Structures are given as structure tokens and as C-alpha cells.
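Notes for the one structure printed next.
The values are calculated or read from the model by the stated rules, or taken from the named source; none is laboratory data. Everything numeric here is computed off the predicted structure, so don't read it as measured data. No Cβ is skipped: glycine too gets one built from the backbone with ideal geometry, and neighbour counts run over all protein chains shown. Side chains included, ligands, DNA and RNA excluded: accessible areas come from the protein's heavy atoms. Shrake-Rupley method; radii C 1.70, N 1.55, O 1.52, S 1.80 Å.
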Amino acid sequence: MTSTTSQQELFRFLEDRFACAQACTECARACALRASLVDPDGTEYQELVRRKGIMCAEVCDATCRVLSEQNQVDETAIRVQLEWCVQVCLEGAHVFDKQPGAEDSAEACRACARACGEFLATLR
């Protein structure tokens, strides 16, 4: 019975890891697109939106790489990366919420933060 429980835990772990990586990929895409749509010579706020979009895309991309490295990264490093990703995604969502037409990017950020948070919970 323990092996079935262990097997179910492993499947859940892998499913959560995959969902997190997939959400990171979608978030990175949405944030990179949003950053490219903002006029770099615009207002100070537009520059903030552009910077947040770029940073969020880079952090999500890095998180996806960490998650794909399998056994080469220890659990502490994965945990730190996930926590960072959650924080950056929530900050990005907050900034995008104030930007007209950025609803999809904001939602992608929130979905990524949720997925990373759920996966993080399996590590504790």
C-alpha cells in the first residue's frame, strides 16, 4: 500500500511540476509580448510596465529551465526559484492590472503564481 501511495505522490509531484513549467512558459510568452507592445519612449509608468514584463518573462523562463533539469538541482534551489517566480508574477499582475489591454498578461501572471505556489506546496 505504501508503494501505491508513493507512486500517487510521485504522479502528483510530476503533474504539479509540469503544470508549473507550462504556466511559466505561457506567462513568459505573455509578458514578453506585453513588454514589446509598450512604447519604450513612453511615460515612466510605461517603462515600468515594460521592465516588469521583461523581468517576469526572464524569471519564468529561468524557472522553467530549473524545473526541466530533473535531478541536477536540489530541492532548496527549486524552492527558492519557485518563491521568486511567485513574487515576480504577482508584481507583474499588479502592474498589468493598471495597463489597459493587459488583462491577458495579468491573468497569465496570476495563473503562473498559482501553479508555482501549488507545486511549491508539494515540496514542503
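Give Asp74, Asp97 a once-over and let me know the one that is at pLDDT 90 or above and of a type in the set (D, E, K, R).
Going through Asp74, Asp97 in turn, the sole match is Asp97.
Does at least one position in the stretch 73-90 carry a residue that is among the aliphatic types (A, V, I, L, M), in contact with a helix residue (DSSP H, G or I) (Cβ under 7 Å, 6 or more places away or on another chain), open to solvent by 40 Å² or more (accessible area, probe 1.4 Å) and touching a residue at least 60 places away in the same chain (Cβ under 8 Å)?
Scanning the stretch 73-90, I find no residue that is among the aliphatic types (A, V, I, L, M), in contact with a helix residue (DSSP H, G or I) (Cβ under 7 Å, 6 or more places away or on another chain), open to solvent by 40 Å² or more (accessible area, probe 1.4 Å) and touching a residue at least 60 places away in the same chain (Cβ under 8 Å), so the answer is no.
Search the stretch 65-122 for residues being of a type in the set (Lys, Arg) and in a helix (DSSP H, G or I), and hand back the single one that is farthest from Ala19 (Cα to Cα).
Among those residues, the one meeting the criterion is Arg79.
In the stretch 7-63, which residue that is assigned to a helix (DSSP H, G or I) and acidic (Asp, Glu) is least open to solvent (accessible area, probe 1.4 Å)?
Within the stretch 7-63, the match that is least open to solvent (accessible area, probe 1.4 Å) is Asp16.
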